[in-house]
Structure formats: structure tokens, C-alpha cells
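Here is the structure we will look at, set down as C-alpha cells.
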Amino acid sequence: QMQLVESGGGLVQPGGSLRLSCAASGSTFRIYAMGWYRQALGRQREQVATIASGGSTDYADSVKGRFTISRDNAKNTVYLQMNSLKPEDTAVYYCTADLGPEGLGPKGRAWGPGTQVTVSS
């Protein structure tokens, strides 16, 4: 069973930076797209950024130009570099991995337990 472990969250001042990491392990399925979602208190979970196995990326409008998603396929790890952080970026951040048999496309999604990011002075 796939396990995702996030790290790198914490408290940062507005304008600061954080780098989140998420390592995937425990599954024999291929990992297709990986991504980051976030959920602020009292709000719905929203997609932040995704990256395909080939490297193409997609970002929410609210983070474009500030956040960068990347991945290391050899390490089954996805990263989220967050710069110019704002108080409204405060949320629990979750990583995801879309899984499936080789050549047959993704058949399911694994979620990490989440890591808290707080942007406050």
C-alpha cells in the first residue's frame, strides 16, 4: 500500500519561503501525476499544483509565479517550493500520487496525512 510522507511545513513570516517535500513508498504500481492540495480552516480543499510524470505542470491562479512544483522520479519524491508567502497561504498542505499499472494509466490516488503551513508575523 502506497505511503506518502510530507515534510517541510512550519511557521514563516509573510514574504518568506518554505519548501515542502513528499516521499512515496510501499507500492509496486507506477506513479503517474503527483500534486499538492491545501485546505484552510473552514474552507474546501483546493488544488495547488500538479506535475505529470513527464514533467508538465499546472498551478492554481493564486500561486502562479510564487510556487514551483518539481519531482524526482528516481526517488518517488515531489517538492513544492513556496516563495513570497502570504497569510492566505496558511493551510494544511497534502501531497498526492496517482497510481496504476504500468501502461494502463492511473487507477487511484494516494494522499499524504498533511503538513501545516502557517504564514504570520
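Brief remarks follow.
- For the chain, the solvent-accessible area with a 1.4 angstrom probe is 53 square angstrom per residue.
- Semi-axis lengths (Å, descending) of the ellipsoid that matches the C-alpha gyration tensor of the chain: 25, 14, 12
- Those lysines that a straight Cα-Cα span of less than 21 Å connects to residue 64, excepting residues fewer than 8 apart in one chain: 86
- Given R0 = 30 Å, the distance between the Cβ atoms of residue 75 and residue 43 translates into a calculated FRET efficiency of 0.40.
- Gyration tensor over the Cα atoms of the range 61-121: the corresponding equivalent ellipsoid has semi-axes (square roots of 5 times the eigenvalues, largest first) of 27, 13, 10 Å.
- When the P(r) is computed for the range 29-86, the part past 17 Å accounts for 40% of the Cα-Cα pairs.
- With contacts taken as Cα pairs under 8 Å at a separation of at least 6 residues, the chain carries a relative contact order of 36 percent.
- Charge sum, other residues only, whose C-beta stays under 11 Å from residue 105's C-beta, Lys/Arg counted +1 and Asp/Glu -1: 0
- With every protein chain in place, the chain: carbon and sulfur % of accessible area (1.4 Å): 47
- Calculated P(r) of the range 1-46 - Cα pairs past 15 Å, %: 61
The values are calculated or read from the model by the stated rules, or taken from the named source; none is laboratory data. Worth saying up front: this structure is predicted, and the values here are computed from it rather than measured. Positions of Cβ are generated from backbone atoms using ideal geometry, with glycine treated the same way; all protein chains shown enter the neighbour counts. All accessible areas refer to the heavy atoms of the entire protein, side chains included, with ligands and DNA or RNA removed. Shrake-Rupley method; radii C 1.70, N 1.55, O 1.52, S 1.80 Å.
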